[in-house]
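Dumping the structure here so I can ask a few things about it.
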Amino acid sequence: MVHLEPNTVDGLIWGLENFDAAEFDIRLTKDDKLVIYHDPVLTDGKCVRDLTEKQYRSYNLPTLDDLLNNKRVQELSKSGKKFFIELKPDCDGKKAIRDEISELLHDTFVKYVDRSDISLKSINMLSFDKKLLVPFAREDNFPVFTILPYINECNEKYVLMKALPRVIRHNLKWHINDALKNNYTGVTFARQYILGIFSKLNPSYEQLCDLMDETGVILGTNLGTEELEDDFSRFLRFTDKTQNYPRYAKQGDGMIIAHRGTGTKGVNLQR
């Protein structure tokens, strides 16, 4: 039995090989290098932003260079596989986001891509924080997707309570129009928007598909089961349920994207 960890090079390769795409998270170190990690703080309590790249590497954790310069990853990117790369904010511990992070993230990311042999067509950018997407949307280098509800991930206290007013205030149709105004490629969202308590505030799935056709804005959501993937087949489908694989989109359907490559908890493989 082999266990592949999420947000690792091996785990992301597995996700790319067994799904249409893989999602992963990037954030900046103290010396403004990009690394792959979901949380602002490591398991020992050290903040990623307080570590240099060399210090971060000592934890045997992957940098963005490690991924982009991996030969197998480059092959997969050229074969049509896609990356959905989530931009994480500049958290000083868990305090507020620094405004200047968006330009720094953009400029640093473009440098990393330019010095690699990765296919530019494979790259899509995501974030819960619209500020971080502004330079990417402005430059039009890569497809840009907002994630709903907009939250400050640096401050996890009462995050759901803070997100609720945003869910109630604007429905998905409003966010689609907002995406059009801001040059976003698409909008992704928690499945509660279409299945939960606030689903009645939103257009039906069929109406959302019509809106996608009319506007060109792509919609995506996290789905918990393969049955739900089938029910909402036109959406990009981000999944943590990676036990049953390989899983690819049927023709005309939105991609099935392996969250963090292997799902949140990793995946066990028989070897």
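In terms of modelled amide H atoms, which long-range or inter-chain residues lie less than 5 Å from the amide H of Met125?
The list, which skips near neighbours in sequence, is Ile85, Val144, Phe145.
In the chain, once you exclude exposed GluC sites (Glu not before Pro) (DSSP loop, at most 14 other Cβ within 10 angstrom), what's the longest stretch remaining?
Values: sites that count: Glu100, Glu156.
Counting only loop sites that pass the neighbour cut-off, the longest clear stretch is 157-271.
Regarding the chain, what is the average projected area of its C-alpha convex hull, in nm²? Please report the intermediate quantities before stating the final value.
Working: hull surface 56.6 nm².
Convex hull of Cα atoms, orientation-averaged projection: 14.2 nm².
What is the Cα convex hull volume of region 161-263 when expressed per residue in Å³? Walk me through the numbers on the way to the answer.
Numbers: hull volume 12.0 nm³, N = 103.
So the per-residue hull volume is 116 Å³.
Also, I was wondering about something else. Given a 10 angstrom Cα cut-off, can you work out which residue in Tyr245, Tyr56, Tyr112 is the most mobile in a GNM of the chain?
Greatest mean-square fluctuation among the candidates belongs to Tyr245.
Restricting to DSSP H runs of at least four residues, report the calculated mean residue ellipticity at 222 nm for the chain, -39500 (n - 2.57) per run over all residues, nearest 500 deg cm²/dmol.
-9500 deg cm²/dmol
If you average the C-alpha positions of region 176-192 and of region 35-59 separately, how far apart do those two centres end up, in angstrom?
Centre-to-centre distance over Cα atoms comes out at 31 Å.
Here is the link list: Lys46/Lys82; Lys30/Lys181; Lys78/Lys250; Lys88/Lys173; Lys82/Lys200. Which ones come out longer than 28 Å on Cα distance? Show your work: numbers first, answer last.
On the way: Lys46/Lys82 31 Å; Lys30/Lys181 34 Å; Lys78/Lys250 20 Å; Lys88/Lys173 26 Å; Lys82/Lys200 32 Å.
Cα-Cα > 28 Å for Lys46/Lys82; Lys30/Lys181; Lys82/Lys200; rest within.
Among Val48, Val267, rank each residue by its count of other Cβ atoms within 10 Å, from fewest to most, as a rough exposure measure. If you can, show how the numbers build up before the last one.
Numbers: Val48 23, Val267 20.
Final ranking by Cβ density, sparse to dense: Val267, Val48.
Run the numbers for Ser199 and Leu104: contour at 0.36 nm per residue of separation, minus the present Cα-Cα distance, in nm. Intermediate values should be presented prior to the final figure.
On the way: separation 95, 0.36 × 95 = 34.20 nm, distance 3.68 nm.
So the extension gain works out to 30.5 nm.
Each value in this text was obtained by applying a stated rule to the coordinates, not by laboratory testing. This one's a predicted model, so the numbers in the text were calculated from it and none came from an experiment. We place every Cβ from the backbone using ideal geometry, glycine too, and count neighbours over all the protein chains shown.
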